[in-house]
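Visitor: The structure that follows is given in the form of structure tokens.
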Amino acid sequence: MCEWCGHDHEDEFPADVPLVVTTRGGRPENRHRGRISVVRTDSGEELEAFGDTKARAFIRSTGKPMQAIEPLLGGVAEAFGWEDRHLAMLAASHRGHPAQMAALDDMLAKSGVPEEAYVFGAGAPINVRSRDEWARGGGAPRKAFHTCAGKHLGMLAWCKLQGWPLAGYERPEHPAQRRILRRVRDWLGAGEAETATGKDGCGLPVVAVPLWRVALGYGRLACPDAAPDREAAEAVAKVTAAMNRCPELVEGSGRLASLLLADPNVVAKSGAQGLFAFGLRKERIGVAIHLSDGSEASWGPIVISLLERLGGVSEATMETLRERFPRSFENDAGAVAGTRDVVF
């Protein structure tokens, strides 16, 4: 029983399974539990399931490519001359790198949307090096430093084209959010009865759907021809192509999603609180991973293990992943301190 609210939250958590064990000195130190769903894109058949993949998960930032569909169909790219680097930012969780900020500033200038229109507050870059450089230069806080600034800007620019008020664009009752929520549910194939809605960290509504539907959604992002809506599929093809052409804009150097997006066969994106998803084009498969503790340290080993089973990426991509996310990890003195071992 929770001492704060009086509810028994243990009954509310989905059944999970051990996925990764961290060892130190040859002894287990942490066990990372979670759920994984692997889905065939064309049929929706679940090929593999670890843990309760029928239970819901909030899609968080994995939903960004889907949330970009309505603004793209509304003509934001054509109206404001947005190119691949701008479209990649619609799906980005940016870290404040110079190239990311340059793309955002260009989008703001071309759209004429005032930075003050963002619903969230001003802050600093997330990336440590970018934040240090910003601080040394005496930089002022900006709303555009928010990691979801690209997604929000796409929505704001669309509202401007539609003649809708920019104020309140984040509210569930605003016409933009009503249409986006409906479009996201449709892309995931989820009816209202199996979805729930909450508030995302950036202030927008966010849906929760069964985890296997997140995997299906990413299978469709990789293979939009499998989606039932032809119009939406065309918009998705534009944003995912931009993600592959500008992978480091989507998250950043060394980030798992960006490393995967550098491979033309993969569409990938991280989400907050332990969610990661990717789709494989040639294999026509979608995958969703959710770690119960909300962490991301084990994403790398899990994705590497899944790709070793499923295929779908080049050997060069696999080498990059293994180098970036090695089984063994070092301490601050440079000595091997332990391992992260996949156990599913």
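The values are calculated or read from the model by the stated rules, or taken from the named source; none is laboratory data. Fair warning: this is a prediction, and the values are worked out from it, not measured in the lab. All Cβ positions, glycine included, derive from the backbone under ideal geometry; neighbour counts span all protein chains shown. Side chains included, ligands, DNA and RNA excluded: accessible areas come from the protein's heavy atoms. Shrake-Rupley method; radii C 1.70, N 1.55, O 1.52, S 1.80 Å.
Visitor: Using per-residue counts of other Cβ atoms within 10 Å, averaged over each peptide, order 305-314, 160-169, 250-259, 183-192 from highest down.
Guide: Going from most to least packed, we get 250-259, 183-192, 305-314, 160-169.
Visitor: Right, here's the next one. I'd like the trypsin sites (Lys or Arg not before Pro) in segment 30-112 restricted to DSSP loop residues with at most 12 other Cβ atoms within 10 Å, sorted by number.
Guide: When the trypsin sites (Lys or Arg not before Pro) of segment 30-112 are filtered for loop state and at most 12 Cβ neighbours within 10 Å, nothing remains.
Visitor: For C202, list long-range residues whose amide hydrogen, built 1.01 Å from N in the peptide plane, is under 5 Å from its own amide hydrogen.
Guide: none
Visitor: Roughly how many Å² is the accessible area per residue of the chain, as a whole number, for a 1.4 Å probe? Please list the in-between numbers first.
Guide: Values: 14810 Å² over 344 residues.
Averaged over the residues of the chain, the accessible area is 43 Å².
Visitor: Right, next: How large is the convex hull of the Cα atoms of segment 1-158 per residue, expressed in Å³ as a whole number?
Guide: Values: hull volume 35.1 nm³, N = 158.
Cα-based convex hull of segment 1-158, divided per residue, equals 222 Å³.
Visitor: Compute, for I304, the solvent-accessible surface of its heavy atoms (probe 1.4 Å) with the complete set of protein chains present, and express it in square angstrom to the nearest 10.
Guide: So the heavy atoms of I304 present about 20 Å² to solvent.
Visitor: Along its principal axes, what span do the Cα atoms of the chain show, with the longest given first and each in whole Å?
Guide: 60, 51, 50
Visitor: Once you've got the GNM for the chain with C-alpha springs shorter than 10 Å, pick whichever of R142, R178, R27 has the biggest mean-square fluctuation.
Guide: Evaluated over the chain, the most mobile residue of the options is R27.
Visitor: Here's another thing I want to ask about it. Quick check: at a probe of 1.4 Å, how many percent of the accessible area of the chain sits on carbon and sulfur atoms?
Guide: That fraction is 49 percent.
Visitor: Given a cut-off of 31 Å, name the pairs among K110/K238; K54/K160; K54/K143; K54/K151 whose C-alpha atoms lie farther apart than that in the structure shown.
Guide: K54/K160; K54/K143
Visitor: Applying a 10 Å radius around every beta-carbon, put 125-136, 198-209 in order of their mean neighbour count, most first.
Guide: Top of the packing list down: 198-209, 125-136.
Visitor: Let me ask something else. Once phi is turned into ³J(HN,Hα) by the Karplus curve 6.51 cos²θ - 1.76 cosθ + 1.60 with θ = phi - 60°, what whole-Hz value does each residue of segment 215-231 show in order, with x for glycine and proline?
Guide: Couplings: 4, 4, x, 6, x, 6, 4, 6, 10, x, 5, 7, 6, x, 9, 4, 4 Hz.
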